[in-house]
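One structure is given below, encoded as structure tokens.
Any read-out appearing in this document is the output of simple, stated calculations on the displayed coordinates, not a laboratory observation. These numbers were taken from a predicted model, which means no experiment stands behind them. Glycine also receives a Cβ, built like all others from the backbone with ideal geometry; neighbour counts cover every protein chain displayed.
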């Protein structure tokens, strides 16, 4: 199972070692799932360093040790097909999941990504919350 991680899930894992987001990163580290993100997402997490009370280096180290495969930055050209379909700030996440051939996109963005309209717009890509993904993993 190839899973693209949104910044919200990486940040949640950073803030709580016992939550579902953290468990998903542990699964990525041990190879139970293939966890993928992009340098664009890594930059998004790094840009929140002050808010998270961590250094950019500490955040990048966390991601480096997380077991996630980091794809290079998503280009404007790669994002453009999705700009009219999702919120402009989320287009790179959909592009990243599609470009890396992921079966799942895991996010905590209820408003812009975890709504039925968006979830149904990108099939066969499954856009799921950490809880939904864990339920799917554990049912197999």
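If packing is taken as the mean number of other Cβ atoms within 10 Å per residue, what is the order of 53-62, 35-44, highest first?
35-44, 53-62
Would you kindly state how much longer the chain becomes between residue 69 and residue 30 on full extension, computed as 0.36 nm times their sequence separation minus their alpha carbon distance, in nm to one decimal?
Contour length minus Cα-Cα distance gives 12.8 nm.
Using helices alone, what [θ] at 222 nm do you get for the chain, with -39,500 (n - 2.57) per DSSP H run of 4 or more residues, divided over all residues and rounded to the nearest 500? Write out the running numbers ahead of the final one.
Details: 9 runs with 70 residues, N = 140.
Only helices count here, giving -13000 deg cm²/dmol.
May I ask for the distance between the Cα centers of region 1-59 and region 74-128, given as a whole number of Å?
Distance between centres, Cα-based: 17 Å.
Please state, to two decimals, what the Cα-based radius of gyration of region 3-51 comes to when divided by 2.2 N^0.38 Å (N = residues).
That ratio works out to 1.11.
Describe numerically, in nm with one decimal, the distance between label points set 7 Å from Cα along Cα→Cβ at residue 48 and at residue 77.
Placing both labels 7 Å along Cα→Cβ, they lie 3.0 nm apart.
Rule-of-thumb check for the chain: C-alpha Rg over 2.2 N^0.38 Å?
On the way: Rg = 14.0 Å, N = 140, 2.2 N^0.38 = 14.4 Å.
In units of the globular-protein estimate, the chain measures up at 0.97.
Students often check this: by mean Cβ neighbours within 10 Å, which of 111-124, 14-27 ranks highest, and how do the rest follow? List each step's numbers first, then the result.
Values: 111-124: 12.9, 14-27: 17.2.
Ranking, from highest mean packing down: 14-27, 111-124.
Which value does Rg/Rh take for region 45-102 over its C-alpha atoms, Rh per Kirkwood?
For region 45-102, the value is 1.04.
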